[in-house]
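To start, the structure itself, in structure tokens.
We did not get these values from a lab; they are worked out from the coordinates using the rules stated. Note that the structure is a prediction, hence the values are computed from the model and not measured. Heads up, the Cβs are rebuilt from the backbone with ideal geometry, glycines too, and the neighbour counts pull from every protein chain shown.
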Ligand code: MN
């Protein structure tokens, strides 16, 4: 699967490297620090769905904290190896999964929405995939909406590609890293933590999820599906 092609949207710093260059050149892994990617649109671009104030807090404070957290976990693990002391490895590994998943999901979330989004997918492969896996595009919307609204406490709704059976799935992540289906590639994610919507929607998570479909970025999903199936 084309994970290298997916990395640029995930905030890997990788300055000067072409996607896939390391694999193609056989030069091996070149791990980089995780970095906060800029929002792909101005902070007021989704006004009407989410205010600039919500996006600023969510991106500049919440997402930034997960980037710091995953880099700290990586550093803490290096420190443990250097000292030969793994007494704290269980907790650090949990921090790695929580913050790393939080960083990846937020990077996908900004791109899962677009001021030009909404409607039905234009891409034939994505549309066919949604019909094959959910009966129809509307069938997907109903399933994804219900799952996102039902996510317990702090959670995510996720449209994912599963390669073993070549199908699309709706998953829910509790916290950031719980209830995963390993190997699935997330295509579209909807953050249903209260910090994503509370300043505008208060306790009305259902209204926020229903409006998410007005900005859903089908183009991004289609690009990721094509890369994941390549
Ligand atoms: Mn969030």
* To do: For region 124-229, just run the numbers: alpha carbon Rg, then divide by 2.2 N^0.38 Å, N being how many residues it has.
  => 1.04
* Roughly how tilted is helix 64-83, in degrees to the nearest 10 and between 0 and 90, from the longest Cα axis of the chain? -> 30 degrees
* Relative contact order of the chain, defined on C-alpha pairs under 8 angstrom at six or more residues apart (%) -> 23 percent
* Cα-based helix-to-principal-axis angle, 218-229 vs the chain, degrees rounded to 10 -> 50 degrees
* Just need the relative contact order of region 124-229 here, percent rounded to a whole number, with Cα pairs under 8 Å and 6+ apart. => 25 percent
* Sorted from fewest to most neighbouring beta carbons within 10 Å, what does the list 225, 57 look like? -> 57, 225
* Structure fact -> Between the Cα axis of helix 89-112 and the main Cα principal axis of the chain, the angle (0 to 90°, nearest 10) is 40 degrees
* To do: List, largest first, the extents of the alpha carbons of the chain along their principal axes, each in whole Å.
  => 54, 40, 32
* Rank-order 171-180, 114-123 by packing density, defined as the average count of other C-beta atoms within 10 Å over each peptide's residues, highest first. => 171-180, 114-123
* Asked: Per residue of the chain, what 222 nm ellipticity follows from adding -39500 (n - 2.57) for every DSSP H run with n ≥ 4, rounded to the nearest 500?
  -> -14000 deg cm²/dmol
* Structure fact -> In whole percents, the bins of 5 Å from zero upward hold the Cα-Cα pairs of region 51-130 as 3, 13, 16, 15, 12, 10, 11, 8, 5, 4, 2
* Structure fact -> Where a ≥ b ≥ c are root eigenvalues of the Cα gyration tensor, a/c under 1.5 meaning rounded, otherwise prolate if a/b exceeds b/c and oblate otherwise, region 165-226 counts as oblate
